[in-house]
Each structure stands twice: as structure tokens, then as C-alpha cells.
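Trainee: Take this structure first; my questions come after.
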Amino acid sequence: MTPRIHSSAHVDPAAEIGEGTVLGPGVVVEGPVRIGPDCEIGAHAVLQGRVVMGAGNRVGPGAVIGADPQHLTFRRDTPSGVRIGDGNTLREHTTIHRAATENADTMVGDGNFLMAGAHLAHDVILGNRNVVANNALLGGHVRVGDGCFLGGGSVYHQFIRIGRLAVTQGISGFGMDIPPFCMGVGVNRIAGLNTVGLRRAGLGPDARRDLQDAYRLLFRSGLNRAQALEAAAAKSWSPEAEEFFQFARECGKRGLCAHLRSGQGRGESE
């Protein structure tokens, strides 16, 4: 099935458009863009540069994919791009910038849902089956695992990590790593495990109980992180709890979000 391209769309001769893909009115495809089969590109969306998109993606009106990074020292001749998997929904006015790193790509996996106004900055790596709600803003080099929900209007500082099956509150802000399976709230705080998300992901009661124990050891035992991780290494844990501790071991200079203490406001410092 040949692509259906509206008469007002502009398609660069260097671009490749897959079978069954639909380009709406005013769509602009500039440069060596590759769009897979059965995609739908909404009116006035712009795809430019080294964008590679898989099959079955939906791009909403006014979205911009592949634009230059918002980086003061970026050289426009840097070879970089955006790579998007299969079955993603990128709603209206989503923006995804190409990588600032030479020969790298900003990456989006499969089955993600980016709501209207979501922004992925340069070099972001977004896993699979994530929901990024309206106007959530991810800074450069942010890494997101699988199955996360990032609340509307939330913001994420460059270079932080967000672990698998994490969920964050709307209008929240993070400049520190959010461990997997946790609920991020306020400013750099977590408020326990994402128990609803864990059940929906099929984690049984034993795995959830083990994660509760792991959370208490790392955040509520009175031990510092190094001491808690040393104590964790002395016993056996479920695979999910091991993943939780490994994320903490790999924490970089940004540090981990702290547990929200009773009586502490969600935006307060320790």
C-alpha cells in the first residue's frame, strides 16, 4: 500500500516514507528522514534531519521531531539524530530534539504515549511503554526505564535517571535519580513504592513484600546509603529488589531522591 501524502505536504527527495503511512496537510519532512510503515503524521508536524521512525507510530499536529538541541555550545554540523521505535503516540506539539553528542541519537523505544506538549531534550533515552503527561519536560541526557508514568507539568534536570515502573506527581521537579518502582513527589522526594503500578505490572505479593523491605532498608533504616547497600549484599533478594539496590549502587553525582518524611512538605529541604 503506497503512502498517502497530502498535496500541501513537503517531502524531501532524500526522505523514505513507508507503505501505508499518511502525511497530513502542511507536514514538512526535511532531510534523510526515514518513516516506517503504517504511521500517521498529523497536520503541520515537522520531521527533520536524521530521524528514523519505526512502524505504527502516530505523530500529532504541530509536533517537531529532530530539531537542533537547545544547547549554547552545540555545533549545527554535528552528526546526530532521533531514533523512534514502533507503536508510539506523540500527541500535538510534542518536541523531540536530536542528540548533542556526535554520532548519537535521542532514543524513544516502543509503545510510549507522549501527551500534548511533552518535551524530550537532546540525548534523552526513553524506554518502552512509558506515559509522559502533558507539558512534562525532560532535560538533556535523562534516562527513563520502562513502564513509567511522568506526571503533567513535571520537570527533570539533565543527566538524571528514572528507574523502571516509577511514577511521578504532576507539577513536581527532580534533579536527582528516582529509583525504580518508586513514587516521586514534590522536589527531589519519593513517597514509597508505586504499589498500584506494581500490581498492574503483574508483580505478585512476595515480590512486592520484598521491595517494601528493600525500600525500608535503603531509606528508613537510619543507615546511610553505603551502609544500607552493604547490609543488602549480605542477604538474598527477589530480582526486583536486586534491581532496586543495583540502581542505588550505580547512582552518580546527582544522588538519589530522599524519602519524604512525616510532616515534611513536599517541596521542603531536609
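The values are calculated or read from the model by the stated rules, or taken from the named source; none is laboratory data. None of these values were measured; they are calculated from a predicted model. Quick reminder, even Gly has a Cβ in these numbers, built from the backbone with ideal geometry, and neighbours come from all protein chains shown. Side chains included, ligands, DNA and RNA excluded: accessible areas come from the protein's heavy atoms. Shrake-Rupley method; radii C 1.70, N 1.55, O 1.52, S 1.80 Å.
Trainee: Please list the three semi-axes, largest first and in whole Å, of the ellipsoid equivalent to the range 1-73, using sqrt of 5 times the eigenvalues of its alpha carbon gyration tensor.
Mentor: Listed largest to smallest, the semi-axes of the range 1-73 are 20, 13, 11 Å.
Trainee: Starting from the residue with the highest accessible area, list 11, 52 in decreasing order, probe 1.4 Å.
Mentor: In descending accessible area the options line up as 11, 52.
Trainee: A follow-up question, please. Among 94, 41, 120, flag the residue with its Cα farthest along the positive direction of the charge dipole of the range 18-174, charges on Cβ as +1 for Lys/Arg and -1 for Asp/Glu.
Mentor: Highest projection toward the positive end goes to 120.
Trainee: Dipole of the range 103-221 (Lys/Arg Cβ +1, Asp/Glu Cβ -1, origin at the Cα centre): which of 130, 179, 140 lies farthest to the positive side?
Mentor: Towards the positive end, the residue furthest out is 179.
Trainee: Debye sum, Cα scatterers, the range 51-209, no solvent: what log₁₀ I/I(0) at q = 0.21 1/Å?
Mentor: -1.33
Trainee: In addition: So if I restrict to the alpha-carbon atoms in the range 134-206, what is the Rg, and what is Dmax, the biggest pairwise distance, in Å?
Mentor: 11.6, 37
Trainee: Within the range 29-61, find all residues whose amide N lies under 14 Å from a label point positioned 7 Å from the Cα of residue 6 along Cα-to-beta-carbon.
Mentor: Only 29, 40-47, 59-61 fall inside the zone, counting backbone N under 14 Å.
Trainee: Using the Cα centre of the range 79-175 as the reference point, and only Cβ charges (+1 on K/R, -1 on D/E), how large is the resulting charge dipole? Debye, rounded to the nearest 20.
Mentor: 180 debye
Trainee: Let me cross-check residue 115: its accessible surface, 1.4 Å probe, with only protein heavy atoms counted, in Å² to the nearest 10?
Mentor: 50 Å²
Trainee: Could I ask something else about it? Taking just the C-alpha trace of the range 112-157, give me its Rg and Dmax in Å.
Mentor: Cα-based Rg and Dmax for the range 112-157 come out at 9.2, 22 Å.
Trainee: Can you give the accessible area of residue 251, probe radius 1.4 Å, in Å² rounded to 10?
Mentor: For residue 251, the solvent-accessible surface is approximately 20 Å².
Trainee: Next question, about the same structure. With n ≥ 4 as the cut-off for DSSP H runs, can you work out [θ] at 222 nm for the chain, using -39500 (n - 2.57) per run divided by the number of residues, rounded to the nearest 500?
Mentor: -4500 deg cm²/dmol
Trainee: Another question, if that's okay. Can you quote the Å³ per residue value for the convex hull of the Cα atoms in the range 131-270, rounded to an integer?
Mentor: Once divided by residue count, the hull of the range 131-270 is 102 Å³.
Trainee: Could you tell me what percent of the accessible area of the range 112-270 is made up of carbon and sulfur, with a 1.4 Å probe and every protein chain present?
Mentor: Accessible surface attributable to carbon and sulfur in the range 112-270 totals 51 percent.
Trainee: Mind putting a number on the dipole of the chain about its Cα centre? Charges go on the C-beta only, +1 for Lys and Arg and -1 for Asp and Glu, and I need it in Debye to the nearest 20.
Mentor: The dipole of the chain has a size of about 820 debye.
Trainee: Let me know the charge dipole size of the range 57-102 about its Cα centre in debye, to the nearest 20, where only the beta-carbon of Lys, Arg (+1) and Asp, Glu (-1) is charged.
Mentor: Here the range 57-102 has a charge dipole of around 40 debye.
Trainee: Report the semi-axes of the equivalent ellipsoid for the range 1-133 in whole Å, largest first, where each axis is √(5λ) for an eigenvalue λ of the Cα gyration tensor.
Mentor: 21, 17, 13
Trainee: Among 3, 61, 196, whose Cα sits farthest toward the positive end of the charge dipole of the chain (+1 at Cβ of Lys/Arg, -1 at Cβ of Asp/Glu, about the Cα centre)?
Mentor: Final value for the positive-end residue is 196.
Trainee: Given the Cα-Cα distance of residue 92 and residue 250 and 0.36 nm per residue of separation, how much length would full extension add, in nm?
Mentor: Full extension of this stretch gives 53.3 nm more.
Trainee: Which cross-chain or sequence-distant (5 or more) residues have an amide H under 5 Å from the amide H of residue 85, H modelled 1.01 Å from N in plane?
Mentor: 54, 108, 109
Trainee: Which percent of the Cα-Cα distances in the range 212-254 go past 14 Å?
Mentor: 41 percent
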